[in-house]
Amino acid sequence: MDFSSKLLEKAVSEMSQLPGIGKRTALRLVLHLLKQPKEQTAYLADALLKMREDIKFCKSCYNISDTNICEICANPNRNHQLICVVEDIRDVMAIENTGQFRGIYHVLGGKISPIDGIGPSQLNITGLVEKTKTGKVQEIIFALSSTMEGDTTNFYIYKQIKDTGIITSSIARGISVGDELEYADEVTLGRSILNRIPFENSLKNL
């Protein structure tokens, strides 16, 4: 792709680094920005910079937040005895959109995947295990995707907490095997949470 401007080429190159954005799409977006008032581009750039510099991770659940404790963890009306374990922020958003869950979350930041070089120590598992020792948690829901990596992560955590007496459950398999939570429709995901099953039952499928 030939460019008449090095500045344009650089902007397209940077834009195309985003997931799902190829060179042609990046060019279309950059040319769109060129047609907008300079203030509009400045607002976008400022918003991205401010997000990158000021965004925090909740010290309790590791969710993305504007403050040290996210709004969900700080909400006294949420059930703090019920923890839903998810892979990342996108899963929190997907479950929140169902309106069916009133507990709190614990964001692992990924899944155990030896092929990708991701082990338990690289995830937020220790913090979850520590929560189970406080005596304040009654149930943990495993809501990772129905993949080999998701099942492996669920089982690893289960082994760490199985002697605590805490109820462990997993979302019902209304979510197809191999599916990611963020792509599930809200009704199916909501029902999968409400109709969750004891985690021990899911071990039969491993």
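Of all the C-alpha pairs in the chain, what % are more than 26 Å from each other?
Pairs farther apart than 26 Å: 45 percent.
Tell me which GluC sites (Glu not before Pro) from segment 29-122 have a DSSP coil assignment and no more than 16 other beta carbons within 10 Å of their own.
On the way: sites: GLU39, GLU53, GLU71, GLU87, GLU96; in loops: GLU87.
Loop-located and lightly packed - none at all.
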Past the 31 Å Cα-Cα mark, which pairs from LYS111/LYS136; LYS50/LYS111; LYS56/LYS111; LYS111/LYS131; LYS35/LYS59; LYS59/LYS111? LYS35/LYS59
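Order 116-123, 144-151 from most to least packed using the mean count of other Cβ atoms within 10 Å.
Details: 116-123: 12.8, 144-151: 20.0.
Those peptides, ordered most packed to least, come out 144-151, 116-123.
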Taking every other residue with Cβ under 12 Å from the Cβ of LEU44 and scoring Lys and Arg +1, Asp and Glu -1, one gets 0
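Read-outs: derived from the displayed coordinates by stated rules, not from any lab. Just so you know, these numbers come straight off a predicted model, no measurement behind them. Neighbour counts run over all protein chains shown; Cβ positions are idealised from the backbone, glycine included.
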